[in-house]
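Comments concern the structure below.
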Amino acid sequence: MAQSLAKEFTKGLWAEIPPFRLVLGLCPTLAVTKSVENGIGMGIATTFVLVFSNLLISLLRNIIPSKVRIACYIVIVATFVTIVELLMQAYTYELFLKLGIFIPLIVVNCIVLGRAEAFANKNGPLPSVADGLGIGMGFTLSLAALGAVRELLGNGTLTIWGGTPIFEMAEGFLPFRFMLEAPGAFIGLGLMLCLMNLIGKK
Amino acid sequence: MREMINMVVVLTVLTALSGGLLATVKAKTEVQIENQVLKFQKAPAIKGIFPETTNDPLAERFMIDNEGVPLQVFPGKLSDGSKAVAFETKGTGFGGAVGLMVGINVDTDTIVEVRVTTHSETPGIGSRAKDDPSFASQFSGKGLDTNFSMKADGGAVDAMSGATVTSKAVSVAANQAKEIYQKLKPEIVKQMN
Amino acid sequence: MGDLFVLVISCIFINNILLAQFLGNCPFLGTSKKMETAIGMAMAVIFVLVMAGAITWVVNEYMLKPLDVVYLQTVSFILVIAALVQFVEMFLKKSIPALYAGLGIFLPLITTNCAVMGVCLINIKEEYSFIEALVTSFSYAAGFGLALVLFAGVRERILLARVPKPLQDTSIGLITAGIIALTFMSFKGMV
């Protein structure tokens, strides 16, 4: 039992890590990764929604009629998204402003609905929570990694929390400003995907 | 038929539960959210407009009724003894609404200062309305008989080069603030005392 | 009138929904391998987005605001969009089968297309009037179509090129999108 739970959890961290292996949820990935901090914030918000919606959908999977299941999932997911939105507004307001419209848009993040349909719908509550947590953590890691690359090249700093950077490029380093703009997001993600392919092939 | 009823019942119950849950969370977080908005959006603007006050404009804020729409007003007692108020108005810019906090000296009917609170303008272009003080400083000290439209439209304000739409949004907000103030001044003065 | 024109230009080019706002990227990469599917998807998005923009604006203005439940925005908008897509699908199937044959398979995908939900939320956030909301919805959708068709054109050419193995498929797609986004950046500061 414990072993299979661990398996559900860890598959999200490498074998099925979104958005690299499962090419889903690209919009938030590209939009919010201007810094590590934003990436982690978005990742945690998504993880919260994933875990709770997976849990609830898995508990209700025998009650929900299959014809209206998508509508039910949407209601459940949207409810948790709104809760996250309110909580972030109340406790991490600065982050809330930075992520802006992308918090309510977690509702249409294909990862969340995808996990509901592909996993929580067919499995018990415990594996579903493990699955949600794993995929969510994987997503957070990816966002943080992409955020780190873009922030480092685009701004020359790494900031985890608060204002002071934990790492700065040597003096004389000229930041590639375009990494912080839209094209940098696409190209950064494209190159990271290529790197994953290279490593995965061995 | 039974299936149909089942579907409707499940969906209805689910939506009702969702609504109930959200209402609870909303009620629990409402005060905290209002504080956060004050702290992160309004407080810096107020601080910029009234750098030195003998009172606390944030704590003494009050609401007045502007034709059915509540308006939040921040009273400030300036260090030279005169009284002022600040409130927020909105103009539509190029990326959407631009919020402008306008400080008005009640004794002399002049603008103390204006500050942009929220905007979603293009970084580096329209966003200068917030970051570049020389644009906003055009409003400082102007009497309320001034027309705050762009110079091209017969007003008194120089547009930021390359950011005409954003400049216009700010001037629309400033003109709006002027109108609101002129209409509601008796009410504001009454509330301040 | 002039303001509306500025709005149209800024929504199509400067704030292009795919390349500057990052909304709707999943179908952007998913349906851009062939020109035909790209055009189908673009049409379906324009069709649904204009309707969704109008309906969610009305829902927000005349239902959520008077009842003071604006916090239910996310839940109600997504339900409205999902229901709308279902109705459009049923309607087209029965009444205009020719159009359904073209757009049909893309319609279910639109519910989870964040461009639709995103534009509805932008309309409300920016406090647009009804007319402005309609114009914005259409212009964003047109911008989506433009970028998608451009991208599909480039991608059809890539098929003929010898791409290094690790870069194939999505990876090279993303990099291409980055270069297209770079060209769109030159529209900045135009207004």
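Quick notes
- The range A:1-78 and the range C:1-36 have Cα centres spaced 27 Å apart.
- Estimated inter-spin distance, A:ILE166 and B:ALA27, nm [label 7 Å along Cα→Cβ]: 4.1 nm
- Taking the longest Cα principal axis of chain B as reference, the axis of helix B:164-192 is set at about 90 degrees.
- If you sort the three axes of the alpha carbon gyration tensor as a ≥ b ≥ c, you get a/c of 1.5 or more for the range A:2-142 and a/b no higher than b/c, which makes it oblate.
- Counting Cβ atoms of other protein chains within 10 Å of each residue's Cβ and taking the mean over peptide A:51-64 gives 1.
- Taken about its Cα centre, chain C carries a charge dipole of about 760 debye when Lys and Arg each add +1 at the Cβ and Asp and Glu each add -1 at the Cβ.
- Chain B: angle of helix B:2-37 to the longest principal axis, Cα-based, in degrees nearest 10: 30 degrees
- Spacing of the two label points (7 Å from each Cα toward its C-beta) at B:LYS47 and C:ARG157, in nm: 5.2 nm
- The protein assembly as shown shape via C-alpha gyration tensor axes, a/c threshold 1.5: prolate
- Between A:LEU126 and C:ILE131, the C-beta separation translates, for a Förster distance of 45 Å, into a calculated FRET efficiency of about 0.30.
- Shielding by partners - mean other protein chain Cβ count within 10 Å, residues of C:26-37: 2
- Pairwise FRET efficiency - C:ALA54 versus B:ASP56, Cβ, R0 = 35 Å, nearest 0.05: 0.20
- Computed from the C-beta positions of C:SER186 and B:THR164, the FRET efficiency with R₀ = 25 Å rounds to 0.85.
- Available extension along the chain between B:LYS151 and B:ASP80 is 22.3 nm, counting 0.36 nm per residue and deducting the alpha carbon span.
- Lysines with Cα under 22 Å of C:LYS93, excluding same-chain neighbours fewer than 8 positions away: A:LYS67
- Residue list for the range A:67-89, given a label point 7 angstrom along the Cα-to-Cβ vector of B:ASN6 and an amide N cut-off under 14 Å: A:67-69
- Peptide A:190-196, shielding by other chains (average Cβ, 10 Å cutoff): 6
- Between the range C:62-77 and the range C:83-137, the alpha-carbon center distance in angstrom: 20 Å
- Folded to 0 to 90 degrees: helix A:182-201 orientation relative to chain A principal axis, Cα: 70 degrees
- Placing a label point 7 Å from the Cα of A:ILE63 along the Cα-to-Cβ direction, the residues of the range A:71-106 whose backbone N falls under 19 Å from that point are A:71-81.
- DSSP H segments from chain C that extend 27 Å or more along their own axis, Cα-based, with Kyte-Doolittle mean of -1.0 or above: C:35-59, C:73-95, C:130-158
- Student exercise, chain A dipole from Lys, Arg, Asp, Glu Cβ charges, in Debye to nearest 20: 760 debye
- Highest to lowest packing among C:172-183, C:29-40, scored as the average C-beta count within 10 Å: C:172-183, C:29-40
- Out-of-range pairs (alpha-carbon distance over 29 Å; input A:LYS98/B:LYS185; A:LYS7/C:LYS33; C:LYS34/C:LYS165; B:LYS183/C:LYS65; A:LYS7/A:LYS98; B:LYS28/B:LYS183): A:LYS98/B:LYS185; A:LYS7/C:LYS33; A:LYS7/A:LYS98; B:LYS28/B:LYS183
Read-outs throughout are calculated quantities, based only on the coordinates presented, and are distinct from any laboratory measurement. All values reported here derive from a predicted model rather than from experimental measurement. Here Cβ is always computed from backbone atoms with ideal geometry, including for glycine, and neighbour counts include all displayed protein chains.
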